[in-house]
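The next block holds one structure in the form of structure tokens; read it before the comments.
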Amino acid sequence: MTQPRQTRIPLQLKVSVILALLVMVPLGIAYFLVGQIGKTAANVASSDASLRIEAMERATHRYHELVNLTKRLHGEVADRLAKRPDLAALDPKADLKAIIDDPSQASLRAIAMLRGDGTVVAEASKPPTGPDWRDKVVDQPLRADGATLRLTFEVSATLQQELQDLKTSIDGTRTVSQIQSALPDTYQLTFLIVIGLAGAVAALLGILLSTLVTRRITALVATARKVSEGQLDARAELRGADEMAELGDALNTMLDDLDDTRRQVEYLQRMGVWQDVARRLAHEIKNPLTPIQLAVQQCVSAYKGDDARFKKLLADTGEIVEEEIESLRRLVDTFRTLGALPKVEAKPIELAHVIEELQLDPTMAARLTLKPPGEDVTIRADKLLLKRVLANLVENGIHAGQEAGHAGDVVVSWSRDPRREVVEIMIDDHGKGVAEDKREKIFEPYVTTKATGTGLGLAIARKIAIEHGGELAVAPDRAPTGGARFVVSLPLRGPESSLA
């Protein structure tokens, strides 16, 4: 009896309430604290702040005076040097080194005489004092033809930053002194309105977000219920690239794997039944074949009459019985093969070695083309059983090509798929292909499209592939050769567990 579902609070409501609380609670606390801060700010010692501001403004004024004084000093030095006859005449022998080494020119680091076209007549310099100083270039005209005297002075590199820091400190102090008037009642009312609007927006946003999430969760739940009710082809359709879409893809992948596993299990179960039937038939048919053959042979040899027609009838009958018995024996051998398939004994093997051994068969060597990948592929498999699968597929491909009027060439290629951790072996023929409605049926026992054959080859091959943890299937598209493409998929790590 199904238990009644308990009443639960919708996810939309939960998310909306939580978001609203997350937004409104901090804002409410902030509103209360803002009021308290406004009251406390009125008691701040504004007089002390005013004194600090006044002192810092005086310091700022002194900074400006220092900068202006330095500029005037540099200008006077430049003017005085420009009046020197040797410098005004652009005398290349002028002792510029002595000028920059003069203690009275302590801040002068470099001097250069430039012609009107900018070329240097003479120059002298000394190394910089240190990282706390920077160069200040002053160009002083010398003559009407554009000749100039370029002076490079060292000035404090931190002076401008110190002045800016001082201005910042003044602004900060003024802000503190104005706290008591910075938050009037209208601001608090506005803040209260903002709290209400933020809560409403948070609730609306919570409804929208939760609706998007719950809609996709509902789709996942609906898919799971459909699968549980027997709709094994149901899949979740979630768009996007977020975690929910990734969860939907993972669910679909799991359902695909479960569907493939279910089909393989069902196939192995059917094959198990066929194997049991084959063993019984092989036993029941084999036993009477020899007595029947001996009885017919005795009947033919026992006739000593001279009726030629009757004697020929007996001989023809004996030949027919012999041929049919031989056919039954081959069928019994096939049944025994199906009923006594060995278990998979997987070992690490080089796939290329197994496939290349197919060329040792003279019936295949001339019609077999191999296309190996650029890297070696090692798998865990039963070499004899895997070779049996590949040989059967190659033989089928040769026959299919010949029936279609071609030479019967077959192309075998293989490659790794690291994402799925499998190796795929493709067997391409020049036949007429496999119709879409027969791609599954041809793997059932005793189903064949050839004029001769028992229809067990593909069934056995697929069973072996599945017991290796892989699969054998017909590709939906035709092979590049124009015929069918059979694909054997085998896990690189080998069959860790059996489906049988």
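If you go through the range 459-472 one residue at a time, do you hit one that is open to solvent by 20 Å² or more (accessible area, probe 1.4 Å), modelled with pLDDT of 75 or more and of a type in the set (A, V, I, L, M, F, W, C)? Spell out how you get there, then give the answer.
Let us first name the residues in the range 459-472 that are open to solvent by 20 Å² or more (accessible area, probe 1.4 Å), namely 467, 469, 471.
Going one step further and asking which of them are modelled with pLDDT of 75 or more, we end up with 467, 469, 471.
Okay, now just the ones that are also of a type in the set (A, V, I, L, M, F, W, C), so none.
No, that holds for no residue.
Among the listed residues Ala278, Ala308, which satisfies the condition of being open to solvent by less than 70 Å² (accessible area, probe 1.4 Å) and not acidic (Asp, Glu)?
Working: Ala308 fails: open to solvent by less than 70 Å² (accessible area, probe 1.4 Å).
Criteria check complete, one pass: Ala278.
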Filtered residues of the range 229-241 (kept if open to solvent by less than 60 Å² (accessible area, probe 1.4 Å) and under 16 Å from Thr218 (Cβ atoms)):
Ala234, Ala236, Leu238
Among the residues of the range 187-200, is any more than 30 Å from Ile53 (Cβ to Cβ), surrounded by fewer than 12 Cβ atoms within 10 Å (Cβ to Cβ), of a type in the set (A, V, I, L, M, F, W, C) and at pLDDT below 75?
yes
Scan the range 411-435 residue by residue and report those that are at pLDDT 90 or above, over 16 Å from Ala465 (Cα atoms) and of a type in the set (D, E, K, R).
Arg416, Asp428, Asp429, Lys432
The one condition Ala94 fails out of (1) of a type outside the set (S, T, N, Q); (2) open to solvent by less than 80 Å² (accessible area, probe 1.4 Å); (3) closer than 13 Å to Glu123 by Cα; (4) not in a loop (DSSP other than H, G, I, E, B) is (4)
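Look through the range 122-137, keep the residues that are open to solvent by less than 30 Å² (accessible area, probe 1.4 Å) and among the hydrophobic types (A, V, I, L, M, F, W, C), and return whichever of them is nearest to the chain's Cα centre (by Cα). Don't jump to the end; show me each part of the working.
Narrowing the range 122-137 to residues open to solvent by less than 30 Å² (accessible area, probe 1.4 Å): 122, 124, 130.
After this cut, where a residue has to be among the hydrophobic types (A, V, I, L, M, F, W, C) as well, the list is 122, 124.
On the way: Ala122: 66, Ala124: 64 Å.
Ranking the qualifying residues of the range 122-137, first place goes to Ala124.
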Inside the range 249-279, can you point out the residues that are among the basic types (Lys, Arg) and at pLDDT 75 or above?
Arg262, Arg263, Arg270
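Say we look at the range 409-420 and pick out the residues that are assigned to a strand (DSSP E or B) and not charged (D, E, K, R); which of these is surrounded by the most Cβ atoms within 10 Å (Cβ to Cβ)? If you could, list the steps in order and put the result at the bottom.
Of all residues in the range 409-420, those assigned to a strand (DSSP E or B) come to 410-417.
In the following step, the residues that additionally are not charged (D, E, K, R) were identified as 410-415.
On the way: Val410: 26, Val411: 21, Val412: 24, Ser413: 18, Trp414: 21, Ser415: 15.
The selected residue is Val410.
How many of the residues in the range 341-373 are open to solvent by 20 Å² or more (accessible area, probe 1.4 Å) and either charged (D, E, K, R) or under 14 Å from Ile425 (Cα atoms) (or both)?
15
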Filter the range 421-460 for residues that are among the basic types (Lys, Arg), assigned to a loop (DSSP other than H, G, I, E, B) and without any contact (Cβ under 8 Å) to a residue 40 or more places away in the chain and give the result.
Arg439
Could you say whether any residue in the range 321-337 is at pLDDT 80 or above, surrounded by fewer than 11 Cβ atoms within 10 Å (Cβ to Cβ) and more than 26 Å from Gly470 (Cα to Cα)?
yes
With the requirement that a residue be open to solvent by 10 Å² or more (accessible area, probe 1.4 Å) and either in contact with a Leu (Cβ under 6 Å, 6 or more places away or on another chain) or under 19 Å from Val354 (Cα atoms) (or both), what does the range 421-431 give you?
Glu421, Val422, Glu424, Met426
Only one of these is at negative phi, exposed (fewer than 12 other Cβ atoms within 10 Å of the Cβ) and modelled with pLDDT of 75 or more: Thr223, Thr290. Name it.
Thr290
Any residue that is in contact with a Ser or Thr (Cβ under 9 Å, 6 or more places away or on another chain) and in a helix (DSSP H, G or I) - is there at least one of those in the range 222-244?
no
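The values are calculated or read from the model by the stated rules, or taken from the named source; none is laboratory data. Because the structure is predicted, anything quoted here is derived from the model rather than measured. Methodologically, a virtual Cβ is constructed for each residue, glycine included, from the backbone with ideal geometry; neighbour enumeration extends over all protein chains shown. Surface areas here come from the heavy atoms of the whole protein model, side chains and all, with no ligands, DNA or RNA. Shrake-Rupley method; radii C 1.70, N 1.55, O 1.52, S 1.80 Å.
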